[in-house]
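Everything below concerns the one structure shown next.
The values are calculated or read from the model by the stated rules, or taken from the named source; none is laboratory data. In this text the structure is predicted, and so the values were computed from the model without any measurement. Heads up, the Cβs are rebuilt from the backbone with ideal geometry, glycines too, and the neighbour counts pull from every protein chain shown.
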Amino acid sequence: MFRLVDRLSVGLSKASLRQTVLSNNLANFNTPGFKRSDVVDNPSFARELARAQTSGLRRTHAKHLPGLAGRGVQGFSVVQDPTTTMRTDGNNVDVDRERVLLLENQLYYESLIDAVSRKLGQLRSVIGEGRR
């Protein structure tokens, strides 16, 4: 159950970052030469982090916390799109597309919040049953 909540929290972090990036795109739609950005998954990041944690880190004391290896760490990054142009000034922000992407991201975020709430509600129910 907690693994699922951890994964959902990674999704929430990604959706939150994407909301910021897409909002920045819209805020700069009139800036000459501005190139839009978006958030993309970076699976090589997760692989490299897990490899570094398993090979380079070791616990030197029993009370030290273990590394994150094996906990499903997922990476994502902000990537700029320098290849397209929407206007003669070099800007490539399509306002209508950015608005649709913002709405899509908002719905995704809200669905993740709903899933986390349901999982935590299940946990509350289990804890409450033990008190009777």
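For the list (1) at pLDDT below 85; (2) surrounded by 11 or more Cβ atoms within 10 Å (Cβ to Cβ); (3) of a type outside the set (D, E, K, R), I need the number of the one condition that ASN92 fails.
In the conditions (1) at pLDDT below 85; (2) surrounded by 11 or more Cβ atoms within 10 Å (Cβ to Cβ); (3) of a type outside the set (D, E, K, R), ASN92 misses (1) alone.
Residue under question is LEU112, and the condition is that it be surrounded by 11 or more Cβ atoms within 10 Å (Cβ to Cβ), part of a helix (DSSP H, G or I) and modelled with pLDDT under 95; does it hold?
Details: surrounded by 11 or more Cβ atoms within 10 Å (Cβ to Cβ): yes; part of a helix (DSSP H, G or I): yes; modelled with pLDDT under 95: yes.
In short, yes.
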